[in-house]
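Read-outs: derived from the displayed coordinates by stated rules, not from any lab. Just so you know, these numbers come straight off a predicted model, no measurement behind them. Positions of Cβ are backbone-derived with ideal geometry, glycine not excepted, and every protein chain shown enters the neighbour counts.
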């Protein structure tokens, strides 16, 4: 069966049942914070990030280090083939010499080109907006790597061992930022990069539910001028950037 | 109308098995390359996270496009009613199938998870042009298989025209699909164009005729005789026409891209500043693969077998150069994530991506060519594919020598 | 000639049985480290564990349902060998049966066969 229709059905059914069971007027605070782990991901939520690049220092790598640690990404000494789920891009304006920097990862687009081109449907968008690779179905053709405008995906070029139990990854499949889906599903409330950035006091990365107008990220999106990267492509990413 | 007689290859023993053994050695090398890549992972190749499709894909896409075009000779006979091509039609069908198999084998062997081919054949995302192409490729084998059967079986020959038309239309869609694999991608500035589908169709006419000519000339020589001179000249003229059309598509593509200011960077890279890519474009695709073969074919040498052979070989080499520029040149140019800014990062953003093909990739590509050659070698020995004479209807007198005793 | 062929075939078939009976074929070592019951009955697990895993993996990957009883990390946490901390290896729970049955395991290309350091088997 088409996973999209199955997801749509389950999402709608779960939402309808929840609405009927609760008294009218009660706010569904549970949905935004953490859904019950036994429930499937719901289209009522849309997870996203807001990155305030004015708070990104040039040499700072805290988000990258946290992501690598969380997901078990190790250097093999071959940087050209090593997977990078997030990286800091250093920017320089050619005429003025003005410098800036921003972390770039999978943008979790609403209309992901990687999902469109995947021949087996392994690259897919979950109901709550997170774009993932189902490594059970991925054949490693790398078409999604060709198709991504943000260079978000990496191909695993060697045998891997000692993966993190919550982050299975292996040779021959393609991977990218998962928005720490294993943390989100268990109700840990935020991604490793956002958590590390906050812990270090920079507060550049905000994670949250874009569909909830009362969430911190939604409030900041209304306050800060922000944009999507390559907005001309009309992919409607879940990651927004302020200050660049 | 004279009856067309086709028969099997007459080479026996050493004369047959020695070339077959050489092809087999290449095939074994390709297999060894596949095992190396499968066991160790792709880090043993020159491909990385910047250039994910490398030399194997250059070979594979060239073979796939050429395979589709190799069917041309049969189509010209069945669909366009040029009966003088009919003697070579079955060989054309076999070459199409064999070369397509070689190209697809390279693609399958290069997958990160080739053990998941069954998954690829049972899970389809129909929005993906890649998935649609898989249907087109399997359908191609089926339709050309039926076409061959109808052509070679006396009782079915009346129906071969209808299947020939179906095969012709199918291969047009298939090749448009192959070009669209690239054309549909907005992420790469060298792609993102509706012209790529039709361009690949026109390229397939040229490369397919070139590859078919190389096979037909080689097979006849292997059989101890020479391909009919009038036929060679005719095919040479066709090759010149198709090569000119391919040049036209290339020119229009680049002129359009040049007109769009935002593509000036990628065009400057491909056409002027791209090092090996610029060299392969001008010297390979345009020069050796376009201008020179046309010049040869329209000169006096174009009437001789040697001239046509040289032109065909040049067009094929030019095709490989074109695929290199199209596939690898496009990946060498970085994705513009922050247009207007200079980017640099640990993930090689904002810089030209280097690529050095490795031996496993080269042998994998050659292995696919060897597979196609092996299939053709076995087919011409087992099936009656080589025409006794090519003068089926229109030519005044036969020019090929009489049949050799078996 | 035909009877000779039949005799050879019969001997070959019997030889497999002799080898097994003679103890030269390694039998699977099913070492249950943790006391208590599995999430399903043993007969159900023996027959259908692959079906349960296949079904659960889509629920987890595509829908994000990560609860037990059928989560893979749950199985590993419980069944990992006390000595090696893994379900692969000499007496590995998954490995020994699969080696005996000759069924290749694809899971461990991506999934770690090692149990989590603590909270193995504890309810979450």
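Okay, here's what the table says:
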| quantity | calculated |
| --- | --- |
| Projected label distance in nm at residue B:241 and residue B:122, using a 7 Å step from Cα toward the beta-carbon | 4.8 nm |
| Most fluctuating residue given options B:363, B:200, B:130, as computed from a GNM of chain B linking Cα atoms under 10 Å | B:130 |
| Relative contact order, percent, region B:6-387 [alpha-carbon distance under 8 Å, six or more residues apart] | 32 percent |
| Spatial extent of chain B: Rg and Dmax, with the Cα atoms as the point set, Å | 21.6, 74 |
| Chain C, helix-only ellipticity at 222 nm - DSSP H runs n ≥ 4, -39,500 (n - 2.57), divided by all residues, nearest 500 | -15500 deg cm²/dmol |
| Per-selection Kirkwood Rh - region C:27-109 (Cα, Å, 1 d.p.) | 13.5 Å |
| Chain B, helix-only ellipticity at 222 nm - DSSP H runs n ≥ 4, -39,500 (n - 2.57), divided by all residues, nearest 500 | -20500 deg cm²/dmol |
| Region A:46-242 shape via C-alpha gyration tensor axes, a/c threshold 1.5 | rounded |
| Alpha carbon centroid spacing (whole Å) that separates region B:212-243 from region A:180-197 | 65 Å |
| Ascending count of other beta-carbon atoms within 10 Å, so fewest first, for C:86, B:75 | C:86, B:75 |
| Rg and Dmax of the protein assembly as shown, Cα atoms only, in Å | 30.3, 96 |
| Structure-based [θ]222 nm, chain A - -39500 (n - 2.57) summed over DSSP H runs of at least 4, per residue, nearest 500 | -7000 deg cm²/dmol |
